[in-house]
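The values are calculated or read from the model by the stated rules, or taken from the named source; none is laboratory data. These numbers were taken from a predicted model, which means no experiment stands behind them. Backbone-built Cβ (ideal geometry, glycine too); neighbour counts: all protein chains shown.
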Amino acid sequence: MCTEMTDKEQKYYKRIKSSFIGQTIKEVYYEELDYDTDSEFWEISDEIHSVDMNVIFRLDNDQLLQIKWDNEFYCYGIGFENLPEIIKREGFKTINVSNNSNWKKFIDKAISGIKVLWDISEGVTSTYSENRIIKKENSITKLPQTWELSFDNEKVWISALEIDGEKRANFWADHLSVIFTNHEQEKYQLIEKASTQHGI
């Protein structure tokens, strides 16, 4: 299993460190698909939130950082970007969840560390010509599956996975799950299933 860090991965860690570590969360938002109803579907339990699109932090330095699933490394991994402002987009709604009991305890607390849990898949890639395989190569796909955010002694996990109606975890998903307890993290084996991990 290949675990040596690439230049791209090192830059990813530097961006995370300079953007998040030591910063204090002032507000938290979820960006969801707008189902044109007053009902909200993100709070699937007291310990897990299910988010269609993005988690947005407003930090004490007034930066807006959007945590999202993206294809920086491979679809679908955890990525992020700076936002100039929260923009209302057609077909989406942005919900301020700062007063939710799960997030309220982290408001005005600094992010003391982030551990990135990577998933690595090894396989064979085939090249075709007119329905015939002309070349086979061993391939390695590596993506940042989960972020473990630390606030001193407490943790929150944000993972590119979707928990279905049968409570099964579907990894590598165009979806985010926010997990607030170690009990639920262990249940869905976020750390156990990680191929490799690196803390910042």
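For the reader, a short list of remarks on this structure follows.
- Being surrounded by 11 or more Cβ atoms within 10 Å (Cβ to Cβ) and in contact with a Pro (Cβ under 6 Å, 6 or more places away or on another chain) is a property that Val97 lacks.
- Test: residue in segment 155-175 that is closer than 14 Å to Gly77 by Cβ, of a type in the set (Asp, Glu), touching a residue at least 60 places away in the same chain (Cβ under 8 Å) and surrounded by fewer than 18 Cβ atoms within 10 Å (Cβ to Cβ): yes
- Number of positions in segment 176-200 that are in a loop (DSSP other than H, G, I, E, B), on the phi < 0 side of the Ramachandran plot and of a type outside the set (Lys, Arg): 9
- Entirely in segment 1-79, the strands (runs of 3 or more DSSP E) that have 1 or more residues that are surrounded by 13 or more Cβ atoms within 10 Å (Cβ to Cβ) and polar (S, T, N, Q): 48-51, 54-59, 64-70
- Residue count for segment 162-175, restricted to those that are modelled with pLDDT of 90 or more and touching a Leu at 6+ places or on another chain (Cβ under 8 Å): 1
- Members of segment 123-148 that are over 15 Å from Ala194 (Cβ atoms) and in contact (Cβ under 8 Å) with a residue 60 or more places away in the chain: Ile140
- Selection status of Lys88, in a loop (DSSP other than H, G, I, E, B), surrounded by fewer than 14 Cβ atoms within 10 Å (Cβ to Cβ) and on the phi > 0 side of the Ramachandran plot: no
- Residues (modelled with pLDDT under 80 and either more than 28 Å from Thr6 (Cβ to Cβ) or in contact with an Asp or Glu (Cβ under 9 Å, 6 or more places away or on another chain) (or both)) located in segment 107-128: Val124, Thr125, Ser126, Thr127
- Taken together, the residues in segment 107-165 that are touching a His at 6+ places or on another chain (Cβ under 8 Å), assigned to a strand (DSSP E or B) and either closer than 20 Å to Lys187 by Cβ or of a type in the set (Ser, Thr, Tyr) (or both) amount to 3.
- Residue match in segment 183-200 (condition: surrounded by 21 or more Cβ atoms within 10 Å (Cβ to Cβ) and either within 22 Å of Leu65 (Cα to Cα) or in contact with a Cys (Cβ under 8 Å, 6 or more places away or on another chain) (or both)): no
- From Lys187, Lys167, Lys142, residue being within 20 Å of Ile114 (Cα to Cα) and of a type in the set (Lys, Arg): Lys142
- First in segment 58-71 and farther than 29 Å from Phe171 by Cα, second anywhere and in a loop (DSSP other than H, G, I, E, B) and modelled with pLDDT of 90 or more, Cβ under 9 Å, 6 or more apart: Asp60/Gln23; Asp60/Asp108; Asn61/Gln23; Gln63/Gln23
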